[in-house]
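**Q** The structure is given below, and queries will be raised subsequently.
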Amino acid sequence: MVLILLHWVPDAKDVPFGIRQLRTAGCASVIGPTRSTHRMAASGSMQVLQTSKRSLVERCVAVEELTVELLDRLRTGRDVGPLMSADPGALLVGNGPNDWYEGGALLTHFREAVKEYGGLQFEPGNPEAWVEGTVAWVADRVTLKFPHVTIPLRFTAVAIRDGDQWHFVQLHLSAAVADEVLLSG
């Protein structure tokens, strides 16, 4: 849900109160409340149509595009290094019990997997990214295609902004497994 505020300020030339449009490194804000809008809503001088838990973060199209580019680079065998943070704390967590790669091991793993399979045939779903300050996170339902099977995967990532560039610092890919399957041993 998105927070929609309808409160017309007298003599404000019909500009809705509380609406922000910020653009920083490709991220645009969600319409969101401030402390004063909460007070105004409580006093009855504003009509709130819908509320949102995401009202204090901004949608980040730049990180959504970065996600699509990462998957495209993996699919076509191009280097993903420019999209990744060089920080030694960078992390990739995969689906297997030993799929845990930190720092430089992350890029080594990607390079070896791309070489082994001739590219990783990832297809993005509909990535949705959000940002607060210099940290953004994204989630998507992607597919990984092999000649004999297509695997639906969950993709989540955290990106950090360095100047006007975004870089992934954490990636997670996993297959959804029902609780009953996990509990059955």
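The values are calculated or read from the model by the stated rules, or taken from the named source; none is laboratory data. Everything numeric here is computed off the predicted structure, so don't read it as measured data. No Cβ is skipped: glycine too gets one built from the backbone with ideal geometry, and neighbour counts run over all protein chains shown.
**Q** Of the conditions (1) among the hydrophobic types (A, V, I, L, M, F, W, C); (2) exposed (fewer than 14 other Cβ atoms within 10 Å of the Cβ); (3) in contact with a Phe, Trp or Tyr (Cβ under 8 Å, 6 or more places away or on another chain), Leu66 clears all except one; give me its number.
**A** Among (1) among the hydrophobic types (A, V, I, L, M, F, W, C); (2) exposed (fewer than 14 other Cβ atoms within 10 Å of the Cβ); (3) in contact with a Phe, Trp or Tyr (Cβ under 8 Å, 6 or more places away or on another chain), the lone unmet condition for Leu66 is (2).
**Q** For region 81-98, how many residues are surrounded by 15 or more Cβ atoms within 10 Å (Cβ to Cβ) and either under 12 Å from Val169 (Cα atoms) or outside the structural domain of Gly133 (by TED's automatic domain parsing) (or both)?
**A** Residues flagged as surrounded by 15 or more Cβ atoms within 10 Å (Cβ to Cβ) and either under 12 Å from Val169 (Cα atoms) or outside the structural domain of Gly133 (by TED's automatic domain parsing) (or both) within region 81-98 amount to 7.
**Q** Looking for something assigned to a loop (DSSP other than H, G, I, E, B) and either assigned by TED's automatic domain parsing to the domain that holds Leu173 or crowded, with 19+ Cβ neighbours inside 10 Å (or both) - is there at least one such residue anywhere in region 99-116?
**A** The answer is yes, given that some residue of region 99-116 is assigned to a loop (DSSP other than H, G, I, E, B) and either assigned by TED's automatic domain parsing to the domain that holds Leu173 or crowded, with 19+ Cβ neighbours inside 10 Å (or both).
**Q** Which residue pairs have Cβ atoms closer than 6 Å, lie 6 or more positions apart in sequence or on different chains, and pair a first residue in region 155-170 that is at positive phi with a second residue that is at pLDDT below 95 and part of a strand (DSSP E or B)?
**A** none
**Q** Determine if region 97-114 includes at least one residue that is in contact with a Ser or Thr (Cβ under 7 Å, 6 or more places away or on another chain), of a type outside the set (D, E, K, R) and over 15 Å from Glu69 (Cα atoms).
**A** Within region 97-114, not a single residue is in contact with a Ser or Thr (Cβ under 7 Å, 6 or more places away or on another chain), of a type outside the set (D, E, K, R) and over 15 Å from Glu69 (Cα atoms).
**Q** For region 117-134, how many residues are loosely packed, with under 14 Cβ neighbours inside 10 Å and within 26 Å of Gly89 (Cβ to Cβ)?
**A** Total satisfying the criteria: 3.
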